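The values are calculated or read from the model by the stated rules, or taken from the named source; none is laboratory data. Since we're looking at a predicted model, the values are computed, not measured. Counting neighbours? That spans all protein chains shown, and the Cβs are built from the backbone with ideal geometry, glycine included. These area figures cover heavy atoms from the full protein model, side chains too; ligands, DNA and RNA do not enter into them. Shrake-Rupley method; radii C 1.70, N 1.55, O 1.52, S 1.80 Å.
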Amino acid sequence: MISRITRRLAAVALAFLVVLGAAGAATGHSQLIDSTPKADQTLTEAPADVELEFNEEVDERGAVVMVVDADDENRTAGDVVVDGRFVRVRLADDLPDGGYEIRWRVVSADGHPVSGSVPFSVGDVDRTEDGDDSGGPSLVVGVTVGAIILLAAIWLIVGGRRRKA
Ligand SMILES: [Cu+2]
């Protein structure tokens, strides 16, 4: 009895290590760690440009940044500039007050594309629904929860078979 419990605990511990490893690999791409403006920030005046900061250098090619207004219209002016871990783009200089969203997509150092969005607003406005963010943490949670459910199912099946035998 004790040895069966020990074996199961060992299996659970091993499975958790595998899950942690998988989650680590899934988030191994470049990650957005900061931005100007910051997510959900309300600015008194429209910014001249936006800047995204990543945890590692991103590929100079393939970076796309749009800053869309409430009508989904892109308000950037000029090319996206990739400078190591930083990605910048100028904004049109006649931005009215309102809600905006930085929509970005860059190519990780490992060649994988990553994307996300950063909502912010200018002036005294009631912000409505904001978009989804990068989804990094939710992916980890999803992988972990999925693995735990799978593990529980395997445990029940294996336990059931042993009892019948
Ligand atoms: Cu990757």
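So, in the stretch 84-124, exactly how many residues are more than 16 Å from the ligand (Cβ to nearest atom), over 15 Å from residue 47 (Cβ atoms), in a loop (DSSP other than H, G, I, E, B) and open to solvent by less than 50 Å² (accessible area, probe 1.4 Å)? Residues meeting the conditions: 1.
Among the listed residues 81, 67, identify the single one that is farther than 26 Å from residue 124 by Cβ and surrounded by 14 or more Cβ atoms within 10 Å (Cβ to Cβ). One residue alone meets the criteria, 81. Under the condition of being surrounded by fewer than 14 Cβ atoms within 10 Å (Cβ to Cβ) and at pLDDT below 65, which residue from the stretch 10-19 is nearest to the ligand (Cβ to nearest atom)? Looking at residues that are surrounded by fewer than 14 Cβ atoms within 10 Å (Cβ to Cβ) and at pLDDT below 65, I get 18.
Filtered by the rule that a residue be open to solvent by 40 Å² or more (accessible area, probe 1.4 Å), closer than 20 Å to residue 115 by Cβ and of a type in the set (A, V, I, L, M), the stretch 47-64 gives a lone residue, 64.
Against the test of being under 21 Å from the mean Cα position of the chain (by Cα), at positive phi and either among the hydrophobic types (A, V, I, L, M, F, W, C) or at pLDDT 95 or above (or both), the options 34, 83, 40 yield a single qualifying residue, 40.
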